[in-house]
Amino acid sequence: MAEFATDISRHIWVTKYRYAGSDAQEQTVADTWRRIARTLAAVDGENAAASERQFFSILQDFKFLPGGRIHAGAGTPRSVTLFNCFVMGTIQDSIPGIFRALEEGALTMQQGGGIGVDFSTLRPRGSPAKGAGAISSGAVSFMQIWDAMCGTILSTGARRGAMMATLRCDHPDIEEFATAKQQSNQLRRFNLSVQITDAFIDAVRSDSEWSLVFPAAAFGPDGENVLRDWPGEDRPVPCRIVRRLRARQLWDRILRATYECAEPGVLFIDRINRLNNLWYQERLSAANPCGEIPLPPYGACDLGSLNLTRFVRSPFTAEARIDLAGIEQTTRVAVRLLDNVIDASRFPLPQQAANAHGSRRIGLGITGLADAMVMLGLPYGSAESLALAGNVMRCICHAAYRASIALSSEKQSFPYFQRDRYLEGAFIRSLPDDIQSGIAKRGIRNSHLLAIAPTGTISLLAGNVSSGLEPIFAASYWRNVLAEDGTPKQFLLTDYALDLWRRSAATAKETPPGFVTAGELPVSAHVRMQAALQPFVDNSISKTVNVPEQMPFDEFKQIYDDAYDMGLKGCTTFRPNPITGAILSGADGAINAPHCCVAEREAD
């Protein structure tokens, strides 16, 4: 194929990933691949030459797409991190603690990392601020400071800052948090997610009362307390019951806000922790900005995706098939590449370096799933597509774990590895016997290995393949992306699989069998696809469920019940609305963009 099949691919490379410093000028994307391969292979010392050849082979033709920060920073003199995103440390509930955390966030974003922040440790609005004789303005008010910081640190250029704010479902400010973005000018640089517990879901379903609480140390001696787990605490602590309300009332308020302005999303936080491979080491309460990797304080995400369109053989024919052997081989090399990123990268903060080296957590995922299905003649969401997607993800999962076991024999296990406790993990127990016995005998190099990211920008780089596991957005549409000076530039895009089919079929109008767009799918297809892959993903999945504007609210609520019951770790929806204003221009008129398709959300 030509180096770039589309104008937007070249634009993305030039504005985001090409190195053009005073000491060197990359002339082709192959130069970028060589820079990445050479830099990451150097970690392997005397085996560097062999690793470089392997790394370059999977980067060629956009077969494997490292995260955007790896593309942009590996092998350059820039003082940047190769990790896309971080979860920041626990915010101490004091003015010095808050501004220390703000400074750490600013330093992280300055080096190119997006951030996730759990604001649950900040005392609620109206509670006493001890020592100052004042009243707290609450958690949401301090988020405004982070929002302003993000806009200041990354106010120009072709990359926007990305942030995720989370809050517990039992924090007294949860209603204010849930509705914060109903005002169109509020917290625009944040994604918001509510940490939803199993107890809260049980209370909703039983129509019970729900207590909003905060650690009792922030209050006087009088009041009713309960024991609760709380971020930053090693064990349950006494928490003051600030007020009570009906669980269904709160749930409806959260979901009504999401229905009206696409936020907040939800993280099923107990399930996330129950399935965490490092359950014995850490407690998770936040995620990176798009939600595919829940992380501990100072955790980092090291991302890369297999481009499934490059593994379809004999596309659009009766003999079309997916090359699972090729996927396995590429997975093995990709695991080594991403593991080497940990040793090659800078880190904005020493705590982040310590956590990344301690867990060696990586997030290998997929992109181009929907386009691959079209090339195979399978409509997205059909029973056949769900089965195939699950088989592909199972193949990647098992190949990744076997590769990490082999790396452990060569390079040692990750430092936080405790064999017996690690093997007790719920996800690890779901793996084949040979993998479990391999871990028991040889250890494992990486605590976690799989995550499915949104891949918006790197998928454009690869020729506008469908993003992550998302369905095809539209056959053709106008897309705004950011130019080098931060201004939007518009491109007319045609879906990769559709363009490939039209060129091979010599027709400019028809669509291939199995071609379906997000707007044509039933909502259930989105949730079922995510559920088909989740059993083989040890981190999590970034997925936007596109919802028609006319969907009744009661039907909308059912999406979240289904997501919980199907075992998902989180749920994000997008319903067209006047608040977010996420409108793109379709080839045949205005169309509504999914949540991930606005320029401000291009985190990679």
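Tabulated results
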quantity: In segment 268-316, the residues that are touching a Leu at 6+ places or on another chain (Cβ under 9 Å) and basic (Lys, Arg); calculated: 271
quantity: Entirely in segment 398-499, the helices (runs of 4 or more DSSP H) that have 2 or more residues that are touching a Gly at 6+ places or on another chain (Cβ under 9 Å) and among the β-branched types (Val, Ile, Thr); calculated: 456-461
quantity: Filter pass, residue 268 being closer than 22 Å to residue 162 by Cα and of a type in the set (Phe, Trp, Tyr); calculated: yes
quantity: Residue that is nearest to residue 91 (Cα to Cα), among those in segment 266-286 that are surrounded by 20 or more Cβ atoms within 10 Å (Cβ to Cβ), in contact with a helix residue (DSSP H, G or I) (Cβ under 8 Å, 6 or more places away or on another chain) and of a type in the set (A, V, I, L, M, F, W, C); calculated: 284
quantity: Matching entry among 333, 374, 341 (being touching a helix residue (DSSP H, G or I) at 6+ places or on another chain (Cβ under 7 Å), part of a helix (DSSP H, G or I) and closer than 15 Å to residue 58 by Cα); calculated: 333
quantity: Some residue of segment 56-66 being crowded, with 23+ Cβ neighbours inside 10 Å, among the hydrophobic types (A, V, I, L, M, F, W, C), at pLDDT 95 or above and within 21 Å of residue 357 (Cα to Cα); calculated: no
quantity: Residue match in segment 467-488 (condition: hydrophobic (A, V, I, L, M, F, W, C), touching a residue at least 40 places away in the same chain (Cβ under 8 Å) and within 23 Å of residue 539 (Cβ to Cβ)); calculated: yes
quantity: Output for segment 232-252, where each listed residue is at pLDDT 95 or above and under 25 Å from the mean Cα position of the chain (by Cα); calculated: 251
quantity: Of all residues making up segment 517-565, the number that are surrounded by 18 or more Cβ atoms within 10 Å (Cβ to Cβ) and more than 20 Å from residue 248 (Cα to Cα); calculated: 26
quantity: Conditions (1) out of contact with any Phe, Trp or Tyr (no Cβ under 7 Å at 6 or more places or on another chain); (2) surrounded by 15 or more Cβ atoms within 10 Å (Cβ to Cβ); (3) closer than 30 Å to residue 377 by Cβ: number failed by residue 394; calculated: (1)
quantity: Any chance residue 202 is modelled with pLDDT of 95 or more, more than 24 Å from the chain's Cα centre (by Cα) and exposed (fewer than 14 other Cβ atoms within 10 Å of the Cβ); calculated: yes
quantity: Among (1) under 30 Å from residue 233 (Cβ atoms); (2) in contact (Cβ under 8 Å) with a residue 12 or more places away in the chain, the one test that residue 100 misses; calculated: (2)
quantity: Lone qualifier among 408, 459 - being closer than 22 Å to residue 364 by Cα and within 25 Å of the chain's Cα centre (by Cα); calculated: 459
quantity: Residue in segment 117-137 that is under 30 Å from residue 70 (Cα atoms), in contact (Cβ under 8 Å) with a residue 60 or more places away in the chain and under 21 Å from the mean Cα position of the chain (by Cα) present; calculated: yes
quantity: Sole exception among (1) in contact with a Gly (Cβ under 6 Å, 6 or more places away or on another chain); (2) surrounded by 22 or more Cβ atoms within 10 Å (Cβ to Cβ) for residue 342, by number; calculated: (1)
quantity: The one condition in (1) assigned to a loop (DSSP other than H, G, I, E, B); (2) surrounded by fewer than 19 Cβ atoms within 10 Å (Cβ to Cβ) that residue 568 fails to fulfil; calculated: (2)
quantity: Hits in segment 397-439 (condition: surrounded by 14 or more Cβ atoms within 10 Å (Cβ to Cβ), of a type in the set (A, V, I, L, M, F, W, C) and touching a helix residue (DSSP H, G or I) at 6+ places or on another chain (Cβ under 7 Å)); calculated: 397, 399, 400, 403, 405, 407, 414, 423, 428, 431, 435, 439
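The values are calculated or read from the model by the stated rules, or taken from the named source; none is laboratory data. Please read these numbers as outputs of a predicted model, since none were measured by experiment. Cβ coordinates were reconstructed from backbone atoms using ideal geometry, including for glycine residues, and neighbour counts include every protein chain displayed.
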